[in-house]
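Taken together, the values in this text are just the output of simple stated rules run on the coordinates, not laboratory data. Note that the structure is predicted; figures quoted are calculated from it, not measured. Because the Cβ atoms are built from the backbone with ideal geometry, glycine has one as well, and the counts that use them run over all protein chains shown.
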Amino acid sequence: MSLPRMTAPAQVIGLLLVGILLGASPLMAQEASQPSTALPTKSVRRAVLLSLALPGGGQFYLGHPLRGTVFAATELTFLGLAAWKYRTYQETQAPEDLQSAFGVFILFVGTWAFSAADAYVSANLYGYKQKIRMVLQENTIGMLWEVPMP
């Protein structure tokens with residue numbers, strides 16, 4: 001019994017993850033000196049690297065399990081769908097299957113990057129008392145996001 005052959009996108013993703021994990025370990029070991037503030041902090045670098053290495057990892061690190069679960073499910077779904085579409089292309093050699101696989105892979109990369117950006121912003125806002133409320137005025141409905149500055 002032989003092991004299944006890895007597809008080219010899977011090899012690239014595997015190499016990226018190994019590179020990120022190897023590059024992250026010395027960075028995570030370093031402690032950045034933080035100025036003393038009353039607000040609790042989380043490492044921005046660690047949040048972003050976890051988000052890049054593990055789907056939803058940065059969000060879980062920052063205490064957002066629902067957001068982490070949504071990102072993980074979305075990224076893994078797009079990645080699995082892209083692999084399935086690429087395998088279909090290998091069997092059929094139809095150009096539309098390759099285009100479909102590439103399109104879904106681009107969705108995966110976009111979600112992966114958005115997850116890292118979300119972890120970056122959330123880590124920078126960690127500890128701030130945020131309020132989101134609905135604003136109803138004459139002829140206007142809107143959302144207001146308040147982040148008080150220390």
(message) Report the gain in length on full extension from Tyr120 to Ile141: 0.36 nm times residue separation, minus Cα-Cα distance, nm rounded to one decimal.
(response) 4.6 nm
(request) Kindly provide the trypsin sites (Lys or Arg not before Pro) of region 62-150 that DSSP labels as loop, not H, G, I, E or B, and whose Cβ sees at most 11 other Cβ atoms within 10 Å. (result) Lys129
(request) Please identify every one of the chymotrypsin sites (Phe, Trp or Tyr not before Pro) in region 59-150 that sits in a loop by DSSP and has no more than 11 other beta carbons within 10 Å of its own beta carbon. (result) none
(request) Along each of the three principal axes of the Cα atoms of region 87-126, give the extent in whole Å, ordering the values from largest to smallest. (result) 49, 12, 5
(message) From the mean inverse distance of alpha carbon pairs (Kirkwood) and the Cα radius of gyration, derive Rg over Rh for region 97-146.
(response) 1.27
(request) Straight distance only, please: which lysines reach the Cα of Lys42 with their own Cα at less than 26 Å, same-chain residues fewer than 8 apart left out? (result) Lys129, Lys131
(request) Kindly give the semi-axes, whole Å and largest first, of the ellipsoid equivalent to region 62-116, taking each as the square root of 5 times a Cα gyration tensor eigenvalue. (result) 28, 10, 5
(request) Could you work out the local net charge near Gly56, counting Lys and Arg as +1, Asp and Glu as -1, over the other residues with Cβ closer than 12 Å to its Cβ? (result) -1
